[in-house]
Amino acid sequence: MANVVNPRVEILASNGIESIPKEYVRPQEELESIGDVFEEEKCDKGPQLPTIDLHGLDSCDKQVREKCHEELIKAAKEWGVMHLVNHGISDELIDRVKMAGKTFFDQPMEEKEKYANDQASGNVQGYGSKLANNASDQLEWQDYFFHCVFPEEKSDIWPKVPTDYTPATSEYAKQLRGLTSKILSALSLGLGLEQDRLEKEVGGMEDLLLQLKINYYPKCPQPELALGVEAHTDVSALTFILHNMVPGLQLFYEGKWVTAKCVPNSIIMHIGDTIEILSNGKYKSILHRGLVNKEKVRISWAVFCEPPKEKIVLKPLPETVSEAEPPRFPPRTFAQHIMHKLFRKGDDSGEEK
């Protein structure tokens, strides 16, 4: 078992503390924008995250299919994030995935620690808490479990408890991989490309990895001072998120933080940096963050669809570039893009991600 550097947030929360350690307190300029997530989720004023009905995604009726594509492409260009409904993955399977993840986190701490990762040595797969990687040593109010879920043979860390964890999560990953191909196909057509183009550009069936991160946000005694996840964009091609219907996700849209509603039976989908780069910024990778609260534990299941780290050079596709729209992103491998973002942390100036 790896040495645990930071105390697990779950332990801090269960100790009955009334004030959070200073490492979890956000800077003053951020605190001004952190409100009560339950109140904000009820608010119907202002822009709302789009909901896209995927029922017609692969319809035999050309008009129905094209209408679905248009709505998906519009949301990808304007928001870069959306609720997906009628996505084809059964409620029963999603409930099993959620129950399995919750049961894992409900275990005693010593059971979870058997899966502890060792971030210091570069091993991020497994059970962990956020290590400070910025100048102010800031921490996030979350513990997590992170591992590769597709292709299944590329992951060697599947929890043994509960027994349904592997069957449910593995089946969900397979179905999500199928949905990923359909979404990438629609997004390719939206750029005027062959429908299998984006799929190839991110690694195809062979090399695109699906990585699952189950985020566990314990109740927080001072939610107005902390964040579950600090503001960031996803490096992935696409990210798919389930949650336990406790609000927390916020999107930075048109200069304001917008709180995502809890939409039953939906999967939240983000366009990640990888697709933003390939599309030369036509599809958006939106800045987002996670709030916490003092009343309910929040759990989310984020699946990141990631291209291979070194095999592909990410850059705007030639068809997305013109004299009027020169390339907005320099060529980088996925690994170089991740390092670039880490070292530019806190510097959000300019357009380049």
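Worth a mention:
- Of GLU39, GLU295, GLU29, the one that fluctuates the most in a GNM where the chain has Cα springs shorter than 10 Å: GLU29
- Heavy-atom accessible area per residue - the range 22-348, 1.4 Å, Å²: 44 Å²
- Accessible area per residue was computed with a 1.4 Å probe on protein heavy atoms; VAL25 scores about 40 Å².
- Nearest 10 degrees, 0 to 90: helix 91-106 Cα axis against the chain principal axis: 30 degrees
- The range 202-246 and the range 141-195: distance between their alpha carbon centers, rounded to Å: 13 Å
- The separation of the range 94-124 from the range 305-338, counted between C-alpha centres, amounts to 34 Å.
- Converting phi to 3J(HN,Hα) with the Karplus coefficients 6.51, -1.76 and 1.60 and the offset θ = phi - 60°, the range 192-203 yields x, 9, 4, 5, 9, 5, 5, 4, 5, 5, 9, x Hz in sequence order, with x at every glycine or proline.
- Translational diffusion of the range 6-64 was estimated from the Stokes-Einstein equation, with Rh taken as the Kirkwood radius over Cα pairs; at 25 °C and 0.890 mPa s the coefficient is 147 µm²/s.
- For the residues MET109, MET269, MET245, a GNM of the chain with alpha-carbon springs under 10 Å puts the largest fluctuation on MET109.
- Accessible surface of the chain [probe 1.4 Å, protein heavy atoms]: carbon and sulfur percent: 52 percent
- Compactness index (Cα Rg / 2.2 N^0.38 Å), the range 192-302: 1.19
- Along principal axes, Cα extents of the chain, largest first, whole Å: 57, 45, 42
- Over 20 Å between alpha carbons, listed pairs LYS154/LYS309; LYS77/LYS341; LYS102/LYS182; LYS200/LYS311; LYS42/LYS296: LYS77/LYS341; LYS102/LYS182
The values are calculated or read from the model by the stated rules, or taken from the named source; none is laboratory data. Remember, it's a predicted structure, so these values are computed and weren't measured experimentally. Each accessible area value is taken on the protein alone, full model and side chains, heavy atoms only, with ligands, DNA and RNA left out. Shrake-Rupley method; radii C 1.70, N 1.55, O 1.52, S 1.80 Å.
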